[in-house]
Amino acid sequence: MSAPKYWREMAQRYRFEAVKCKKCGRVLFPPRLVCPACKSREFENTRINDKGTIETYTIVRIPPSQFTDEAPYPVAIVNMGDNVRVLCQVADCEPEELKIGMPVRLEFRKIQQEGSSGILAYGYKCVPE
Amino acid sequence: MVGIVGYGAYIPRNRIKVEEIAKVWGADAPSYKRGLQLREKSVPSPDQDTITMSVEATKNALKRAEIDPQDIGAVYIGSESHPYAVKPSGTVLAEAIGATPDCHCADYEFACKAGSEGMFVAMSLVKAGEMKYALGIGADTSQGAPGDALEYSASAGAAAFIFGKENVLAECLYTHSWMTDTPDFWRREHQFYPSHGGRFTGEPAYFRTIMGCAKALLEKSKMKPEDFAYAVFHQPNGKFPMTVGKRIGFKTEQMEQGWLCPTLGNTYSGASPIGLTSILDVAKPGDLIFMVSYGSGAGSDGFIFKATDKLPGVQNKAVHTRAMLDSERRKYLDYGTYSKFRGKIKLRGE
């Protein structure tokens, strides 16, 4: 991940910042310029919950090189409420412990690092609640 | 009144037992357990470091402080395991909690007392009226060379303290710092593991420095050890803090609540600060708390806190430190997994 791309996404990766459509109330994470529900372009800032439930998951056993030391690791789609779903790694959880509907919370973790001299990228992973 | 308005800790889930390390190096586990008064230690996952643990500890502190992070005027992380050699840890933390951009930031280093340094400066800036709130953090993912005595104790954890003047949970009554040039433990540039002076780290370093600071703090405050409900000292192993406390005049029951090392290990910059969070979890209004950190090189920061009537109302707003330490979700690692998690195994191309 390049430093500029990482920097642009910090508000979402670090603080779960989202927007709420002023017309229909839909919460968008990450923010968009146009509401996909009502096409409005007017939003107010909000944040998504840091607690949710696992909607579905898979186990990555053959990881990309940045994640070699974490395999096997789960990746899940987590329902955060307000019609918001996030895709993230599940940390501190054995694959056999995972269940659909399992309550989790988002925790700040190192997501990846660019080789031995690139930036360290931080963001959220979910952990069992 | 100036003091702590929010506090929180973070301890990773992974543990390794002394027996597991001793088995690999042919060492006698019972003698290590007896000598160090240590049974197991915490281990960070590959995706955890000083920054991630500091953020989680600060989130717990914010739950108790219930303040707007934008009012935090300074962020100081003390650690000897900052993830970057050049680039602050504090900027990531301040961005993650929403304290940027009007914020002063510095990363501190002074071996294991870097955390209390951050607390000392944060508290002083608030006291001087320079800012409404300031944040001091002690955090480390400490390393010991494979097979070295340090490997049995070097662990991971973080503690965060928000200082302010309103809704104070624990008033800071007195502070004192005491330091000399004592080369008992060091890590040279580009070295992965620290070196130490063996037994020289004891009497002329740890004990002399902590006792020097404690004695000066007691004289300054005109207080006696029996005046305090709790005392916490730096915990490089389980034995040293109990020994130094008793030499100063404290009793076991005053030190037990903050004595986490037997099952946590030595969290370096986090050691006495995490012990303080454990005390704040149970302290009652009016309780006096005595804390002296220690950092090799060598120096100590001493604090006397007095719990206020606001403290009981926030103790359960975030997870208690002992609950994290004794969590049912602890995961015990074998030495191979521990080595992988701590980067002791070099992969092809590294």
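Of the residues making up segment B:59-80, those that are in a helix (DSSP H, G or I) and small (Gly, Ala, Ser) number 2. Report, by residue number, each residue of segment B:6-60 that is surrounded by fewer than 21 Cβ atoms within 10 Å (Cβ to Cβ), closer than 19 Å to A:TYR124 by Cβ and of a type in the set (D, E, K, R). Within segment B:6-60, B:ARG13, B:LYS59 meet the criteria.
Restricted to segment B:81-166, the set of strands (runs of 3 or more DSSP E) holding at least 3 residues that are open to solvent by less than 40 Å² (accessible area, probe 1.4 Å) and more than 14 Å from every other protein chain (Cβ to nearest Cβ) comprises B:133-141, B:156-164.
Has segment B:280-287 got at least one residue that is open to solvent by 10 Å² or more (accessible area, probe 1.4 Å), touching a residue at least 60 places away in the same chain (Cβ under 8 Å) and not charged (D, E, K, R)? For segment B:280-287, residues open to solvent by 10 Å² or more (accessible area, probe 1.4 Å), touching a residue at least 60 places away in the same chain (Cβ under 8 Å) and not charged (D, E, K, R): absent. Checking each residue in segment B:307-339 for being within 13 Å of another protein chain (Cβ to nearest Cβ) and buried (at least 17 other Cβ atoms within 10 Å of the Cβ) picks out B:ALA318, B:VAL319, B:MET324, B:LEU333, B:TYR338. Condition test on B:SER327, is it in contact (Cβ under 8 Å) with a residue 24 or more places away in the chain, assigned to a loop (DSSP other than H, G, I, E, B) and more than 30 Å from B:LYS222 (Cα to Cα)? Spelling it out, B:SER327 is indeed in contact (Cβ under 8 Å) with a residue 24 or more places away in the chain, assigned to a loop (DSSP other than H, G, I, E, B) and more than 30 Å from B:LYS222 (Cα to Cα).
Residues in segment A:59-69: is at least one open to solvent by less than 70 Å² (accessible area, probe 1.4 Å), within 18 Å of the chain's Cα centre (by Cα) and either at pLDDT 95 or above or more than 13 Å from chain B (Cβ to nearest Cβ) (or both)? Within segment A:59-69, one or more residues are open to solvent by less than 70 Å² (accessible area, probe 1.4 Å), within 18 Å of the chain's Cα centre (by Cα) and either at pLDDT 95 or above or more than 13 Å from chain B (Cβ to nearest Cβ) (or both). State yes or no: is B:PHE290 buried (at least 21 other Cβ atoms within 10 Å of the Cβ), closer than 20 Å to B:GLY3 by Cβ and either in the same structural domain as B:GLY164 (by TED's automatic domain parsing) or aromatic (Phe, Trp, Tyr) (or both)? Here the answer is yes, as B:PHE290 does meet what is asked.
Within segment A:86-105, the set of residues being touching a Gly at 6+ places or on another chain (Cβ under 8 Å) and open to solvent by 30 Å² or more (accessible area, probe 1.4 Å) comprises A:PRO103, A:ARG105. Conditions first: (1) away from chain A (no Cβ under 12 Å); (2) within 20 Å of the chain's Cα centre (by Cα); (3) surrounded by fewer than 18 Cβ atoms within 10 Å (Cβ to Cβ). B:LYS63 passes all but one, so which condition is the exception? Every condition holds for B:LYS63 apart from (1). Taking segment B:64-92 as the range and being under 18 Å from A:LEU120 (Cβ atoms) and among the small types (Gly, Ala, Ser) as the test, the residues that pass are B:SER79, B:SER81, B:ALA85, B:SER89, B:GLY90. For A:LYS39, the stated conditions hold: it is assigned to a loop (DSSP other than H, G, I, E, B), charged (D, E, K, R), exposed (fewer than 13 other Cβ atoms within 10 Å of the Cβ) and without any contact (Cβ under 8 Å) to a residue 40 or more places away in the chain.
Inspection of segment B:249-271 identifies at least one residue that is in a helix (DSSP H, G or I), surrounded by fewer than 21 Cβ atoms within 10 Å (Cβ to Cβ) and in contact with an Asp or Glu (Cβ under 6 Å, 6 or more places away or on another chain).
The conditions of being more than 10 Å from chain B (Cβ to nearest Cβ), more than 23 Å from A:PRO31 (Cβ to Cβ), open to solvent by 40 Å² or more (accessible area, probe 1.4 Å) and modelled with pLDDT of 95 or more are not met by A:ILE77.
Of the set (1) more than 13 Å from the chain's Cα centre (by Cα); (2) crowded, with 18+ Cβ neighbours inside 10 Å, all apply to A:THR46 but (2).
The values are calculated or read from the model by the stated rules, or taken from the named source; none is laboratory data. Bear in mind the structure is a predicted one, so any value in this text is a computation, not a measurement. Positions of Cβ are generated from backbone atoms using ideal geometry, with glycine treated the same way; all protein chains shown enter the neighbour counts. Each accessible area value is taken on the protein alone, full model and side chains, heavy atoms only, with ligands, DNA and RNA left out. Shrake-Rupley method; radii C 1.70, N 1.55, O 1.52, S 1.80 Å.
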